[in-house]
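One structure below.
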Amino acid sequence: MPVIPPPNPLPPELAAIRDTVTRLFESRIMGEIGGYEARRTFPRPLIRAMGEAGLFGAAFPEKLGGTDLGFMAVAVISEEISRLRPDLGYCMNLQAMTCPFTILNWGTDEQAARFVPPLIGGERIGAFMLTEPGGGSDPAGAMKARAVRDGDTYRISGSKQWITFAHEADTAVLFAKTDPSAGHRGITAFVIEPRSAPGYRADPIAMRNLSPVLSSCAVFFDEFAVPAANRLGAEGEGFRIAMNALEFGRLTVSARLVGAAQGCLDHAAAYARERVVGGQAIGRYQMVQALIADMAAEIAAARALVRELAETMDAGAPANRIASLAKYFASRAAKTAVANATEIFGGYALADEYPISMFKGFIEMLNVGEGSSNVQRVLIAEDALGYKDANRASLPARKFRPRAAAE
Ligand SMILES: Cc1cc2nc3c(=O)[nH]c(=O)nc-3n(C[C@H](O)[C@H](O)[C@H](O)COP(=O)(O)OP(=O)(O)OC[C@H]3O[C@@H](n4cnc5c(N)ncnc54)[C@H](O)[C@@H]3O)c2cc1C
């Protein structure tokens, strides 16, 4: 439990889900993850345990193995995981949102029935393959990966960059151009099964301060074959699908930022109470208190925005505007939290004994994921100036309404 109780309390059903996460992590995951890191092996059994505990299924119907609880539960689970282990927060994007949810939202019933249950059950590892080396902020302009139709198959060639879990992925959503002359209207989405398939290679990118096992990769396709039956949506619909996936992904990323920020606050508050300098705990010094107060206030405000985003999604209303506001502000709150925690820990912020530098790495990473802070600011400002309605292309969930909303 947080050292400082969050000022935005949860209703009992959601508090119970958060407690399920806390129990699983404290009783098993926190104790075992270090062993995987030491052996440099991917923690499949831990991801399976998270799936079995129902952590990935909140935005999926029961008939696909989900829990039907809705997006607020997704936010609560994402936050609690990232408060404890920000690296495992990745799973909420890849096992619970951008990969399986995009398949549910845009795939046929057959595609959803085949691919979704093993992803949200944690049996198969998911990935989302949009970004290319030419720049993630303009995915349509940068996209060079090609998909060429050849009878009942598409052949994919090209490369992707920063693809999390690509070295272990069993199932992935991939975007490639079927018509390079048609700009963003020439992009098509596919479900692929890349692991050990010919024409596929994924090389983990070395990143100091991030997890040694939960890697992001450079990915190369060489005439990689995808059955035409695995196309998601129509040819040319891929850009719309990608933007919609990122809108839903902003919920998990924002909640993960709030969780990582709360983790910084928990550790900083505990340290400030214990660390005695000049005859008293440093938490008694007003300047240290100012740092703590700024962290707590910004985290509470960011959490309120994330909950408004989840409520909007649960209501089936357009969410792009609030998604940008939540993601941008959660990123700011998390940057404040890690900067202030670093200040409070003094030299010990750098010691591996404390997790502050690990939190810093993930907060920086989450700042760019699902649209960088600058990209969110462009969307927010153009909306506020009346140039472009941020919700103009927002598409609520097409095939999922939480049980509570349907009652
Ligand atoms: C650890 C990690 C994991 C990731 N996992 C995945 C994944 O699983 N799948 C996936 O598809 N992608 C993934 N990404 C990619 C991520 O989405 C991109 O890094 C992000 O979109 C930014 O792209 P970029 O890094 O190429 O930066 P660039 O697009 O090169 O941008 C660089 C800087 O320029 C700014 N900028 C760019 N355009 C504008 C503009 N128009 N106005 C103002 N400023 C601008 C940006 O805000 C940024 O500050 C991951 C990235 C990281 C670091």
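GNM, the chain, Cα, under 10 Å: largest mean-square fluctuation among Ser254, Ser137, Ser82?
Ser137
What is the sum of charges, Lys and Arg at +1 and Asp and Glu at -1, for the other residues whose Cβ falls under 13 Å from the Cβ of Arg28?
0
Per the Cauchy relation, a quarter of the hull surface: what is the mean projected area of the convex hull of the alpha carbons in the chain, in nm²?
19.8 nm²
Scale the Cα Rg of the stretch 341-406 by the rule-of-thumb value 2.2 N^0.38 Å and send over the ratio, two decimals.
Against the empirical 2.2 N^0.38 Å value, I get 1.79 for the stretch 341-406.
The stretch 271-287 to the stretch 172-187: how many Å between their Cα centroids?
Using only Cα atoms to place each centre, the spacing works out to 57 Å.
Relative contact order, percent, of the chain when contacts are C-alpha pairs under 8 Å separated by at least 6 residues?
17 percent
Can you give me the accessible area per residue for the chain, using a 1.4 Å probe, in Å²?
41 Å²
Among Gly199, Gly89, Gly279, which one shows the highest mean-square fluctuation when the chain is modelled as a Gaussian network with alpha-carbon springs under 10 Å?
Gly279
When the accessible area of the stretch 12-120 is split by element with a 1.4 Å probe, what percent falls to carbon and sulfur?
Reported share for carbon and sulfur atoms: 52 percent.
With the contact rule set at Cα under 8 Å and sequence spacing of 6 or more, what percent relative contact order holds for the stretch 12-120?
25 percent
Provide the per-residue ³J(HN,Hα) series for the stretch 109-117, in order, calculated from phi with Karplus coefficients 6.51, -1.76, 1.60 and θ = phi - 60°, each as a whole number of Hz, with x at glycine and proline positions.
4, 5, 4, 5, 5, 7, 9, 5, x
Please quote Rg/Rh for the stretch 1-110 to two decimal places, taking the Kirkwood radius as Rh and restricting both calculations to Cα atoms.
Here the Rg-to-Rh quotient is 0.98.
Between Ala218 and Glu37, 0.36 nm times their residue separation minus their Cα-Cα distance comes to what?
63.1 nm
Which of these, Asp383, Asp152, Asp179, has the largest mean-square fluctuation under a Gaussian network model of the chain (Cα springs below 10 Å)?
Largest GNM mean-square fluctuation: Asp152.
The values are calculated or read from the model by the stated rules, or taken from the named source; none is laboratory data. Fair warning: this is a prediction, and the values are worked out from it, not measured in the lab. We place every Cβ from the backbone using ideal geometry, glycine too, and count neighbours over all the protein chains shown. Note: areas computed on protein heavy atoms with side chains; ligands, DNA, RNA excluded. Shrake-Rupley method; radii C 1.70, N 1.55, O 1.52, S 1.80 Å.
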